[in-house]
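*Asks:* I am attaching a structure below and will ask some questions about it afterwards.
The values are calculated or read from the model by the stated rules, or taken from the named source; none is laboratory data. As the structure is a prediction and not an experimental result, all values here were calculated from the model. Note that each Cβ is placed from the backbone with ideal geometry, even for glycine, and that neighbours are counted across all protein chains shown. Areas reflect the complete protein model, heavy atoms only, side chains present, ligands, DNA and RNA absent. Shrake-Rupley method; radii C 1.70, N 1.55, O 1.52, S 1.80 Å.
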Amino acid sequence: MVQSSSESRKNIDIDARFEHAKAVMKEAGKVAMDYYRRVDELVVETKTNPLDVVSIADKNVEAIIRDRIADAFPEDGFLGEEMGITRGDNDCLWVIDPIDGTACFVNKMPTWCISVALMIGKEAVIGLVYEPNGNELFAAMTGEGTTVNGDPVKANPVNNVNAGVMGIGMSHRVGSDALIPFMTDLIDREGMFIRNGSCALMMSYAAAGRLIGYFEPHINSWDCMAGIVLMKEAGGWCSDFLDQPDSLESGAPILVAGPNVAAQLSKMTGVK
Ligand code: IPD
Ligand code: CA
Ligand code: CA
């Protein structure tokens, strides 16, 4: 029997998990910053291509996040970029990117962050992104809105793509034709884009109204799950990432947008 989301949420203390995870983000941020300050000493390995990099910092930060959450909620499961999936004894699944923006991290650029989300069954209910260099914690829990360091924020209300800056992302998991037509269209409409190397951080900026949206033709769940909660709770629009087949483990396109440019951007990107 398939459980409805309200059934799977029964007996799960989401508030306690939200409070605990916020503290874990700060602790993980301190550890990540210690590595970042001595980044020249880190051994950097490549994964799928020379620009897809990982270091001991990524692996250890993920281990710390998992350990601290498991100390408090031993029955919960985990899906992390570096350590894969471990199902728990309940419907909770923590989706973790220990360092999003690793290429920035290893090249001494501050636009990286830690991204942690909680899913209960098929629903993402907590989104947390911590950016240690700027000491900004983006936080959202279903029904409670989105905050930055405790202050409420909203998605950008502009009603045309030429009235604000759009975030974009790209990886070599897809070809250039998956992104270039959108960029051309955006420029032709007198819009502009930015890519800072971290999907989770740019989605957080969209949730805070700093960007009008974020588009990436293929993204993994650990990059975008927290951002989805942040954006929805900020009154923004999110594409149906979670409804795409195998998106949790294999990824899918992502588009998030301010409420008044969502239709325009959905048409331009072809992402629904
Ligand atoms: C990457 C970043 C990048 C995005 C890529 C991701 P990583 O994650 O989020 O901005 O464009 O698709 O793979 O490798 O830095 O964790
Ligand atoms: Ca990532
Ligand atoms: Ca990562």
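*Asks:* Quick one: among P157, P110, P50, which has the greatest mean-square fluctuation in a GNM of the chain with alpha-carbon springs under 10 angstrom?
*Replies:* Taking springs between Cα atoms under 10 Å, the residue moving most is P50.
*Asks:* If you build a Gaussian network model of the chain, linking Cα atoms that sit under 10 Å apart, which residue out of N260, N11, N159 swings the most?
*Replies:* Among N260, N11, N159, the largest mean-square fluctuation in the Gaussian network model of the chain belongs to N11.
*Asks:* With the Cα gyration tensor of region 161-269 giving a ≥ b ≥ c as the square roots of its eigenvalues, does the rule (a/c under 1.5 for rounded; else a/b larger than b/c for prolate; else oblate) give rounded, prolate or oblate?
*Replies:* Oblate, since a/c reaches 1.5 and b/c is not below a/b.
*Asks:* Choose one answer from E19, E75, E136: the residue with the largest mean-square fluctuation in a GNM of the chain with alpha-carbon springs under 10 Å.
*Replies:* E19
*Asks:* If you don't mind, another one. Just to confirm a number: summing +1 for Lys and Arg and -1 for Asp and Glu over residues other than T48 whose beta-carbon lies under 15 angstrom from that of T48, what do you get?
*Replies:* Residues near T48 contribute -4 overall.
*Asks:* Count the net charge of all other residues whose Cβ sits under 12 Å from the Cβ of M202, scoring Lys and Arg as +1 and Asp and Glu as -1.
*Replies:* Spelling it out: positives minus negatives among the neighbours equals -2.
*Asks:* How large, in percent, is the carbon and sulfur part of the accessible surface of region 5-153 at a probe radius of 1.4 Å?
*Replies:* 49
*Asks:* Rounded to whole Å, give me the distance from the Cα center of region 16-37 to that of region 151-165.
*Replies:* A separation of 29 Å, based on Cα centres.
*Asks:* For D58, what charge total do you get from the other residues with a beta carbon under 11 Å from its beta carbon, if Lys and Arg give +1 and Asp and Glu give -1?
*Replies:* With Lys, Arg at +1 and Asp, Glu at -1, the net is -4.
*Asks:* Give the cross-link partners of K108 among the aspartates and glutamates, using a straight C-alpha distance below 18 Å as the criterion and excluding same-chain residues fewer than 8 apart.
*Replies:* By straight Cα distance, K108 reaches D34, D40, E41, E45, D52, D58, D100, E131.
*Asks:* From the backbone phi of region 18-23, what are the Karplus-calculated ³J(HN,Hα) couplings (6.51 cos²θ - 1.76 cosθ + 1.60, θ = phi - 60°) in whole Hz, Gly and Pro given as x?
*Replies:* Whole-Hz 3J(HN,Hα) from phi for region 18-23: 4, 4, 5, 5, 4, 5.
*Asks:* Rolling a 1.4 Å sphere over the protein heavy atoms, what is the accessible area per residue of the chain, to the nearest Å²?
*Replies:* Accessible surface, normalised per residue, equals 44 Å².
*Asks:* Among the lysines, select those whose C-alpha is under 25 Å from the C-alpha of K267, and discard any that sit fewer than 8 residues away in the same chain.
*Replies:* Correct list for K267: K154, K232.
*Asks:* Now, a different point. Taking 8 Å as the Cα distance limit and 6 or more residues as the minimum spacing, I'd like the relative contact order of region 90-234 as a percentage.
*Replies:* 30
*Asks:* Follow-up. Given the DSSP H assignment, sum -39500 (n - 2.57) over each helix run of at least 4 residues in the chain and divide by its residue total; what's the result at 222 nm in deg cm²/dmol, nearest 500?
*Replies:* For the chain, the value works out to -10500 deg cm²/dmol.
*Asks:* Further question on the same structure: What is the mean projected area of the alpha carbon convex hull for the chain, to one decimal in square nanometres?
*Replies:* That works out to 13.6 nm².
*Asks:* Then there's this: Give me the percent of accessible area attributable to carbon and sulfur for region 222-264, probe 1.4 angstrom.
*Replies:* Roughly 45 percent of what the probe reaches on region 222-264 is carbon or sulfur.
*Asks:* Mind checking which of G167, M268, L255 is farthest towards the positive end of region 161-269's charge dipole, using Cβ charges of +1 (Lys, Arg) and -1 (Asp, Glu) about the Cα centre?
*Replies:* In region 161-269, that residue is G167.
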